Amino acid sequence: MKVLLVTTSYPDFPGSNRGIFIRLTPRIHAQSPLFEDDDGIMVHRFRFPSGNRPLNQMESIPVYPMAVYMLSGLTRALLLTARWRPHVIHGNWIVPTGLIAAFAGRVFRVPVLNTARGMDLRISERQ
């Protein structure tokens, strides 16, 4: 079974423990490769103006970086879905990657599974 996993986090460097379970992720740090083969699993990082920080470490929701994040992530998800034809798309977190997964799944008629980890709600309470 082919699964396209879309997430907010993935290890940025050897020894990093950020999101070690996911394979399509944003490129947070400039030195992180855009593409890599991680023991036979292809990892794709999409660009956005991160300032070397994950979105959840910013004071408030940064509108411009979030818009670029969504557009860049969606573009990459659509390209990968068209190329690999996964059997399912998994969005890890509801916002923003769940939205990306849902849209790509709808365009290509691929089932989507989104995971809400609870942090989505806590972040929305802070705003």
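Within the range 61-85, which residues are of a type outside the set (D, E, K, R) and either farther than 18 Å from Thr97 by Cα or touching an Asp or Glu at 6+ places or on another chain (Cβ under 6 Å) (or both)? Within the range 61-85, just Trp84 meets the criteria. Within the range 82-95, being touching a residue at least 60 places away in the same chain (Cβ under 8 Å), outside any loop (DSSP other than H, G, I, E, B) and surrounded by fewer than 20 Cβ atoms within 10 Å (Cβ to Cβ) holds for Trp84, Val88. When Met119, Met42, Met66 are checked against the criterion of being open to solvent by 30 Å² or more (accessible area, probe 1.4 Å), at pLDDT 85 or above and of a type in the set (A, V, I, L, M), Met66 stands alone in meeting it.
If the condition is being at pLDDT 80 or above and not β-branched (Val, Ile, Thr), then the range 1-19 contributes Met1, Lys2, Leu4, Leu5. Pairing each residue of the range 47-64 that is over 16 Å from Arg27 (Cβ atoms) with any residue that is charged (D, E, K, R) and loosely packed, with under 11 Cβ neighbours inside 10 Å, provided the two are 6+ apart or on different chains, yields C-beta distances under 9 Å for Ser60/Arg126. Scanning the range 29-86 for residues that are under 20 Å from Pro111 (Cα atoms) and of a type in the set (Phe, Trp, Tyr) yields one hit, Trp84. What residue, of Ala104, Ala30, is of a type in the set (Gly, Ala, Ser) and either open to solvent by 80 Å² or more (accessible area, probe 1.4 Å) or touching a helix residue (DSSP H, G or I) at 6+ places or on another chain (Cβ under 7 Å) (or both)? Matching residue, one of Ala104, Ala30: Ala104.
The values are calculated or read from the model by the stated rules, or taken from the named source; none is laboratory data. None of these values were measured; they are calculated from a predicted model. Positions of Cβ are generated from backbone atoms using ideal geometry, with glycine treated the same way; all protein chains shown enter the neighbour counts. What goes into the accessible areas is simple: the full protein's heavy atoms, side chains included, and nothing from ligands, DNA or RNA. Shrake-Rupley method; radii C 1.70, N 1.55, O 1.52, S 1.80 Å.
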